[in-house]
């Protein structure tokens, strides 16, 4: 078992925002996009009265709160909400907001901006949406970095999605810095502490494992990266699973050592269920390998702090 694993501070804050909004204002509470990329979390909140939509125009007029997901949103979204006089709460992870602010500062300085990330991911859509169309160039691979042609190599900056592979991103950054020595990077790397810690934890056990199970969703970038990291670090087989009910036990086989971790949006209850499922099939001795301590927490929106205290 890897530690750290599972919920990060940004996910914990986002889920709390929905739960406290339901507690303070009552159902329904509307959430634009999945609050975090995990079906179990979304269904639990839906059962409590949250209604998930993809766009604001799906929300009827009224005074029900609207919450923006942890991945962040383009500026056009809160602007549209304000035009409709909606009461909204922003659950964007503060570490994603940090990247948004970096992008704006680079733009104000007249720098061309490169965003390292995955096309179509909500976080990438939110980050590019902080600036006018065309102000940000997306780079997904090392090949993209080799082929990128800036307008002015002397006025260039890069930012990154927070949930990328640490190793892949370093390779891309190394290429950009080699090609464009004056490129400006973040003061502190954009890949978040939770992504980095979970990848390091998986690396520490991968070689010793016959199979690694990563608890997470297919649309969760940080969970997908954990599968890749485990395989690259020497595990013969790494598998992404939503929960115990989704495990293909034939593929798992009869490993001597089975590793388990969880993406940053996967709750611990899913990990516990997998351990119990293993106990019904194997003789199990649980060993925890901890590579970092996490004590990060983020403030809740002002409107919900009283509810949290109660």
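Counted over the chain with a bin width of 10 Å, the fraction of Cα pairs per bin, in whole percents, is 6, 25, 30, 24, 12, 2, 0.
Neighbour counts of C-beta atoms inside 10 Å place 33, 254, 71 in the sequence 254, 33, 71, starting with the fewest. Remark: relative contact order (the chain) = 23 percent; criterion is Cα-Cα distance under 8 angstrom and separation of 6 or more residues. For segment 55-209, the calculated P(r), taken from all Cα-Cα distances in 10 Å bins from zero up to the bin holding the longest distance, is 10, 36, 30, 16, 7, 1 percent. If I take all pairs of Cα atoms in segment 14-117, what percentage of them are more than 18 Å from each other? Counting pairs separated by more than 18 Å, the tail of P(r) holds 51 percent. Computed over segment 134-216, the quotient of the alpha carbon radius of gyration and 2.2 N^0.38 Å is 1.31.
What is the calculated FRET efficiency for residue 27 to residue 143, with r their C-beta to C-beta distance and R₀ = 51 Å, to the nearest 0.05?
0.60
When Rg and the Kirkwood Rh are both derived from Cα coordinates, the Rg/Rh ratio for segment 225-310 amounts to 1.09. Every helix of 4 or more DSSP H residues in the chain counts as -39500 (n - 2.57), and over all residues that averages to -12500 deg cm²/dmol at 222 nm.
When you count the other C-beta atoms within 10 angstrom of each residue and take the mean per peptide, 186-199, 240-253, 3-16 line up highest first as 3-16, 186-199, 240-253. Here the alpha carbons of segment 95-179 define both size measures, Rg and Dmax, at 11.9, 30 Å. Its relative contact order, with pairs defined as Cα atoms under 8 Å and 6+ residues apart, puts segment 23-129 at 26 percent.
No lab work stands behind these numbers, since they all come straight from the coordinates. Values in this document were obtained by computation on a predicted structure and should not be read as measured data. Here the Cβ is made from the backbone with ideal geometry for all residues, glycine too, and neighbour counts use every protein chain on show.
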